[in-house]
1. Please name whichever of A:Ala139, B:Val234, A:Ala127 sits farthest to the positive end of the charge dipole of the protein assembly as shown, dipole taken about the Cα centre and charges placed at Cβ: Lys and Arg +1, Asp and Glu -1.
2. Would you mind giving the average projected area, over all directions, of the Cα convex hull of chain B in nm² with one decimal?
3. Tell me, what is the percent relative contact order of the stretch B:1-318, built from C-alpha pairs under 8 Å that lie six or more residues apart?
4. Could you tell me what a quarter of the Cα convex hull surface of chain A works out to, in nm² with one decimal place?
5. Got the relative contact order for chain A handy, in percent, Cα pairs under 8 Å and 6 or more residues apart?
6. In degrees, nearest 10, range 0 to 90: what is the angle between the Cα axis of helix B:370-381 and the longest Cα principal axis of chain B?
7. Per 10 Å bin, what percent of the C-alpha pairs of the stretch C:5-53 does each bin hold, from zero upward?
8. Any lysines with Cα under 17 Å of the C:Lys53 Cα? List them, leaving off those in the same chain fewer than 8 positions away.
Amino acid sequence: MNSGRDHYVRPVDFKHGHVDMTHGGGGRAMAQLIDELFLREFDNEWLRQGNDQAAFDVGAGRMVMATDSHVVSPLFFPGGDIGCLSVHGTINDVAMSGAAPLYLAAGFVLEEGFPLADLKRIVASMAAASRAARVPVIAGDTKVVERGKGDGVFITTTGVGIVPPGIHIAGDRAQPGDRILVSGTIGDHGVAIMSLRENLTFETTITSDTAALHGLVAAMIAAAPGIHCLRDPTRGGLATTLNELARQSGCGMVITEQRIPVQPQVNAACEFLGLDPLYVANEGKLVAICAAEDADRLLAAMRAHPLGRNAATIGEVIIDPHHFVQMDTSFGGRRIVDWLTGEQLPRIC
Amino acid sequence: MKYVDEFRDGALARKVAAAIAAEARPSRRYNLMEFCGGHTHAISRYGLADLLPPGIRMIHGPGCPVCVLPIGRIDNAIALAARPGLILCTYADTMRVPASKGLSLLKAKARGADIRMVYSSADAVRIAQEHPDREVVFFAIGFETTTPPTAVAILRAQELSLANFSVFCNHVLTPAAIGNILESKEVRELGTLPLDGFIGPAHVSTVIGSQPYEYFAEEYQRPVVIAGFEPLDVMQAILMLVRQLNDGRAEVENEFTRAVTRDGNAKAKALVAEVFELRRSFEWRGLGEVPYSALKVKAAYAAFDAEARYAITYRSVPDNKACECGAILRGVKEPSDCRVFGTVCTPENPIGSCMVSSEGACAAHYTYGRWKDAAVIAAATA
Amino acid sequence: MCLAIPARVVALPALDVARIDLGGVQKEISLALVEDVRIGDYVIVHVGYALTKLDPEEAERTLAMMGEAGLLGGDDGGAAAAGTAATPAPAAEGAE
């Protein structure tokens, strides 16, 4: 019998195979999955070393760390999937501090029975997003849970970056008189996802706007290093982000409805469902707050960047002990844009 | 969006607002009730109160089918959903309404009940077709706008010989509610609720027509103007009401002529009459028992009537003692009159139905009016 | 109540079914509650059903009435509502 080194190991069946408990067991099956999928897709010098941790030097400056768990359903949607979403989301969280994102780590919780074809598609998408953004995934982990205990796949990504010296961007830095800018059309991601929800099918060409924003942020900081606040309006939409910033900074805001960029189809889809685009999630947009004298320069820099073509100044920060976010409606009256209550559900009434 | 954007035009709004300001006599008040929750929502979303002179007071009416759905009926729906294997299909509006024992449909879903949000009654029929081995119940709510779609669903289920589909019917009627308000002692005798005129519902009227309101205008001598859903429609209707009141007229006028006729939609009305009949009485949250105000499935279609199929018994559940939804729905009290408004009762933690639905008076005031109250206080203390 | 929107009929793929378009978003809805709907018509859509056709002439008339709101009215209230020509509004009575 040949007990030699060259015995045949059947490759992982990515076409028809499914995740099973051995893939999380720590044994050969798990090692093989990691090898043939994760290491192959992400492939970089750290992962090739095969350690449980990745070592890297840090330059001078403040380090920033952010983490996000991704549980989006459906996993695949027009414009993206949970994979690239998880890469972009954490890159963006790091970038909103002004930091250049350096490295990512990714943890996977897989549900027993999850098709390996889908897993491969997701990981390939993550790898592509990571390469395009030039932020490598240098550490990772995989676990498997029993069937019924997970929604297919949950991904957690953690990212680190270094804030350039002299840059101080935080949620509490907005001041009365500051201008509020948004980098593009709002509501795209939420509508793209909603269009696939069971029993809500409508046809639209809207795709998710999921994107890594660190390049845009770098261009913005170069034009206006004194930016006060940056935040990406994900869950809860623009309205929630503005309310958060208003509360953190201890001031109020007034925005103008007519100035907020919204795609006509997003407006229409929201009309159908009784939703307000202000509360619909975005995954490739940011809100910036800067001093009035920086606003024009900052806007120009955003519009010059591919991810900021539709950037607009939408309002300003004011003194308000109640921290309300007010909006001048296109109709002429004024109303407040309140915090979101629970999950925004479609309505018939 | 054609036929939508034009009716949201700010320039036209200023013209109509100017006309209202010019014609509203400073010597009197105009107390106008917008019956329909959708109008309440439009008024808050577009900040219409800003554009009206101070003599015009908008009173929010009970035209919010979620707000007037009694707790006991939600309890029934939750009980249905708890039946093993049963799929409850519902419009998303009902999901967060608080019911007994701290439950809601959303919480029941979290505990494992198979509750599915649908956009249309047709989806519920489709789900029944796709799951012949499961019982499927459609939780039907709404005024006359939403009733014809339920009738169509039942007739379709019959066509398909579905043995596993039924409807839990909670459809209510607009004229009965208007009559109930006009007959209430606050309006009739005490005069504590000054009520000068009504803005009539938009889409209910596309179905029932403008004719049913003629009785109220005549009998109670109050003008009714049926208004479309867009903010300009509401403004124009207010202008028309001001004019009627100035002239001493009490007529039914139609601002929403692009979609409403005197007779309404005969085909839709016929389908409803085929499948449903009047209940002698029905409990409305906040209004109590209102005679001939709601519909039930006819005996001929009993196979599709969830109340017959599952022997549902209704138990009336009183509102929380501190909750003033009843008075608020009748326009007798304002949200800020309620002890728990904005403190215990908020959109995150709604005690009563007026806070749950985004067009309920309390939710609307919390989102819109709370700011105005604060602004007034800030100005006063400045 | 009754969230309903006006949408344009762009196709009639099956009996009692219309494909409607609102601002570029399309959906198939039921025509079981209406009659005589043609491609190009606008219908009011509620929970997946067309409730009625929208009358474009009445829509224009309503908009025109709103546009003239600043010119008509006062004691001419009734005539204004009917959309007939009228004299300019009298000066607003009694200031503050």
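1. Checked the options; the winner is A:Ala139.
2. Numbers: hull surface 80.4 nm².
For chain B, the mean projected area of the Cα convex hull comes to 20.1 nm².
3. On the way: 568 pairs, mean separation 66.3, N = 318.
Dividing the mean separation by the residue count of the stretch B:1-318 yields 21 percent.
4. Working: hull surface 81.7 nm².
Average projection, Cα convex hull of chain A: 20.4 nm².
5. Details: 763 pairs, mean separation 70.5, N = 349.
Over chain A, the number comes to 20 percent.
6. The helix B:370-381 is inclined about 30 degrees to chain B.
7. 32, 64, 3
8. B:Lys2, B:Lys267, B:Lys269, C:Lys27
All of the numbers you see were taken from the coordinates with simple rules; none came from a lab. These numbers come from a predicted model, not from an experiment. FYI the Cβ positions are ideal-geometry reconstructions off the backbone, even for glycines, and counts take in every protein chain you see.
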